[in-house]
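All remarks here apply to the structure that follows.
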Amino acid sequence: MSLVLVVFFLSASVGCMLDRLYNYDRSMRMEGDIIKWKEEKAFMDAERKKWHGEQRVWLTWDLHPGRCLRYATRKYSATLSNIGIGLDGLGECKNKTLSIHGRDVLPAYCNLEVNLWLNFGLQLTRFQGPCGRVTGHWIIGFDEVGCSPWWDTLMDKVAIHPDLIS
């Protein structure tokens, strides 16, 4: 009976040691995997950043005709085109400048219009791109001579045309 107890305790202690070695080896492999995953994530983030930088090169503004807002101030609006999949349209709108009167100007505000119609029956599908339609708005108060009145020279029409007096 005592021999059975000794064998039992020895096998339990050996089993415990083997279990600890297995768990230690497993945790070391997991740490190695975690380090590998972090390296892969850093590489993928760098690739994504590079890819988004290449996508930003193609962003363009489609300018809409502006209107006078008040004295010597015009409101312009433009739609952001060529927004790639994965880019934040509103974020790109807020950071993309437009050249107005030779100056690069950031938009005052941006709108995102998402207008998706599903195809039920005879209704047509309308899709404005993966990010919707992003519109930037500028309020320009410099070099807007078209939004301020101008006066021509004053003339005495009677002195020029004396026959108008009769």
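Starting from residues that are among the small types (Gly, Ala, Ser) and modelled with pLDDT of 85 or more, keep the ones in region 81-113 and report whichever is nearest to residue 135 (Cα to Cα).
First pass over region 81-113, keeping only residues among the small types (Gly, Ala, Ser): 81, 84, 86, 89, 91, 99, 102, 108.
Checking which are modelled with pLDDT of 85 or more leaves us with 81, 91, 99, 102, 108.
Working: 81: 9, 91: 12, 99: 16, 102: 21, 108: 11 Å.
Looking at residues that are among the small types (Gly, Ala, Ser) and modelled with pLDDT of 85 or more, I get 81.
Give the residue that is modelled with the lowest pLDDT, with candidates limited to residues of region 22-61 that are β-branched (Val, Ile, Thr) and in a helix (DSSP H, G or I). Talk me through it step by step, then tell me what you get.
Step one: list which residues in region 22-61 are β-branched (Val, Ile, Thr), which gives 34-35, 57, 60.
Then keep just the ones that are in a helix (DSSP H, G or I); that gives 34-35.
Numbers: 34: 84, 35: 87.
Checked region 22-61; the qualifying residue modelled with the lowest pLDDT is 34.
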Note: among 67, 103, just one is more than 21 Å from residue 54 (Cβ to Cβ) and in contact (Cβ under 8 Å) with a residue 12 or more places away in the chain, namely 103
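The values are calculated or read from the model by the stated rules, or taken from the named source; none is laboratory data. Values in this document were obtained by computation on a predicted structure and should not be read as measured data. Here Cβ is always computed from backbone atoms with ideal geometry, including for glycine, and neighbour counts include all displayed protein chains.
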